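Notes follow once the structure below has been shown.
The values are calculated or read from the model by the stated rules, or taken from the named source; none is laboratory data. Everything numeric in this text was worked out from a predicted model, so none of it was measured. Virtual Cβ from ideal backbone geometry, glycine too; neighbours counted across all protein chains shown.
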Amino acid sequence: MASVPVSGARFIIVGGGSLVGSATAAELLDAGAAEVRLFDNFSMGAESAVAHLRDNPRLKVIRGDVMRMGDLLAAMEGVDGALLLAAYMTLNMDRDPWGGLDVNIRGVQNALEAAMTRGVKKVVFASSNAVYGYGPGIKGDLVETTPFFSEGAPPAAILYGATKIIGEQLCRTYTQKRGLEHVVLRYSTVYGERQHHRAANALYIIETLDKLAKGEPPEIFGDGSETKHFVYVGDLARANRMAFESAASDVAVNCSGPAPTTTLELVKLVTELAGGGPAPKFVGETAGKVRLTSGGAFDIVHEKAFSAIGWKPEVEMREGLTRLIKWLKEGNEK
Ligand SMILES: NC(=O)c1ccc[n+]([C@@H]2O[C@H](COP(=O)([O-])OP(=O)(O)OC[C@H]3O[C@@H](n4cnc5c(N)ncnc54)[C@H](O)[C@@H]3O)[C@@H](O)[C@H]2O)c1
């Protein structure tokens, strides 16, 4: 039976000290989890990401590294469900491909082996729409059977997407050969409270807010017509919980927000919600940064998530961005 009812169960969030992990810890605790273990080496995340949960006696922060089996085995004792988040995304992969390949591949394999050894009932693996690749091949509807495009895209983005494909296949291997149940959720770009600067597409939100705070014009690469598809972090926390609770196993589904947007629409919306500011500045094609391009308008279709785990996004970008801006104004750390 692949379902793990959250109430009364124990969870570990591997790589939990950040954007998705902190929101999911709150979601699981609110749903009555007996314990949530937040496992992280804090190389990128920070304990401040769970400051809002610090007083909850059911939350346990564990400093550990996915490259060390001993850390994982000790942390997974008695755990019912494991959410695997620890990863290098494109920007960190660009800076340190060695570290990224280690954590995103061997780190996932270590976590699955530890989960298997400790009798964990179900794993939820954080994959990404990066499994479809980037560049001119990306256009139209992106569904779970869309192939991987690599031509014309930055190598770090392709390395990142390829490691997520490998992570997914490691999960399938553990389910099919060893009986460890799993669900793969392919997140689109995440945004919301505790936003960081590590996701290339979310920079259109967080760097726009940084610029506006300094009274400077936000920057747009190209002509602003490029498509992006975001998902609010609270919606994803719910998806993670529902993946544990559902009977689904050995399935991969997209988790994207209600609708795609363009970079120009996004920057204008962020500017409006931040209380106004200078008009955006068009800064050429890449301005020396890693940029995740596509071949035209695209939509990351999330209908399969509804049929597999009963999930669909609820928070529109206007609402999610309002929550992020409020959180930043309250003086919280990014
Ligand atoms: N943020 C996005 O836009 C987005 C989009 C699609 C998929 N995802 C995936 O979702 C997951 C979580 O995203 P996030 O934005 O919260 O990520 P993040 O980079 O903020 O968090 C990853 C966490 O893993 C930890 N970590 C890194 N190496 C580790 C190691 N060796 N041992 C233990 N912990 C380690 C980091 O300290 C960090 O807290 C990732 O797997 C990411 O690939 C994120």
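When GLU226, GLU314, GLU303 are checked against the criterion of being modelled with pLDDT of 95 or more, under 28 Å from SER150 (Cα atoms) and of a type in the set (Asp, Glu), GLU303 stands alone in meeting it. If ALA9 satisfies all but one of (1) within 10 Å of the ligand (Cβ to nearest atom); (2) surrounded by 19 or more Cβ atoms within 10 Å (Cβ to Cβ); (3) at pLDDT 95 or above, what's the number of the condition it fails? ALA9 satisfies all of (1) within 10 Å of the ligand (Cβ to nearest atom); (2) surrounded by 19 or more Cβ atoms within 10 Å (Cβ to Cβ); (3) at pLDDT 95 or above except (1). When ARG118 is tested against (1) buried (at least 16 other Cβ atoms within 10 Å of the Cβ); (2) within 13 Å of the ligand (Cβ to nearest atom), only condition (2) is not met.
Note on segment 291-324: among residues that are in contact (Cβ under 8 Å) with a residue 40 or more places away in the chain and among the small types (Gly, Ala, Ser), the one that is nearest to PRO154 (Cα to Cα) is SER294. The residue pairs whose first member lies in segment 1-30 and is free of Cβ contacts under 8 Å to residues at least 60 places away in the same chain, whose second member is more than 9 Å from the ligand (Cβ to nearest atom) and of a type in the set (Ser, Thr, Tyr), and whose beta carbons are closer than 7 Å, counting only pairs six or more residues apart or on different chains, do not exist in this structure.
With ASP40, ASP80 as the choices, which residue is within 19 Å of GLN109 (Cα to Cα) and touching an Asp or Glu at 6+ places or on another chain (Cβ under 9 Å)?
Working: ASP80 fails: touching an Asp or Glu at 6+ places or on another chain (Cβ under 9 Å).
Residue meeting the stated conditions: ASP40.
So that you can scan it fast, the table gives a plain yes or no per residue for (1) modelled with pLDDT under 95; (2) under 19 Å from TYR134 (Cβ atoms):
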position: LEU159; (1), (2): no, yes
position: ALA162; (1), (2): no, yes
position: ILE166; (1), (2): no, yes
position: LYS177; (1), (2): no, no
position: THR189; (1), (2): no, yes
position: HIS196; (1), (2): yes, no
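Taken over segment 160-183, the criterion of being touching a Gly at 6+ places or on another chain (Cβ under 9 Å) and more than 11 Å from the ligand (Cβ to nearest atom) is satisfied by ALA162 alone. Scanning segment 45-87 for residues that are out of contact with any strand residue (DSSP E or B) (no Cβ under 8 Å at 6 or more places or on another chain), within 11 Å of the ligand (Cβ to nearest atom) and modelled with pLDDT of 95 or more returns ASP65, MET67, ARG68.
Against the conditions (1) within 13 Å of the ligand (Cβ to nearest atom); (2) among the hydrophobic types (A, V, I, L, M, F, W, C); (3) within 16 Å of the chain's Cα centre (by Cα); (4) outside any loop (DSSP other than H, G, I, E, B), ALA200 satisfies every one except (4). In segment 236-257, which residue that is touching a strand residue (DSSP E or B) at 6+ places or on another chain (Cβ under 8 Å) and part of a loop (DSSP other than H, G, I, E, B) is surrounded by the fewest Cβ atoms within 10 Å (Cβ to Cβ)? Looking at the filtered set, the residue picked out is ASP250.
Do we have any residue at all in segment 213-233 that's within 14 Å of the chain's Cα centre (by Cα) and surrounded by fewer than 23 Cβ atoms within 10 Å (Cβ to Cβ)? Yes; the residues of segment 213-233 include at least one that is within 14 Å of the chain's Cα centre (by Cα) and surrounded by fewer than 23 Cβ atoms within 10 Å (Cβ to Cβ).
Would you confirm whether or not segment 17-34 contains a residue that is under 15 Å from GLY78 (Cβ atoms) and away from the ligand (no atom under 13 Å from the Cβ)? Before you say what the answer is, go through the steps one by one.
Initially, segment 17-34 is screened for residues under 15 Å from GLY78 (Cβ atoms), giving 33-34.
Now drop any that are not away from the ligand (no atom under 13 Å from the Cβ), which leaves 33-34.
So far as segment 17-34 goes, yes, one or more of its residues are under 15 Å from GLY78 (Cβ atoms) and away from the ligand (no atom under 13 Å from the Cβ).
For segment 271-329, what are the residues that are among the β-branched types (Val, Ile, Thr), over 15 Å from PRO218 (Cβ atoms) and touching a helix residue (DSSP H, G or I) at 6+ places or on another chain (Cβ under 7 Å)? Please lay out each step first, then the result.
Residues of segment 271-329 among the β-branched types (Val, Ile, Thr): 271, 283, 286, 290, 293, 300-301, 309, 315, 322, 325.
After this cut, where a residue has to be over 15 Å from PRO218 (Cβ atoms) as well, the list is 286, 290, 293, 300-301, 309, 315, 322.
Across segment 271-329, the qualifying residues are VAL290, ILE300, ILE309, VAL315, THR322.
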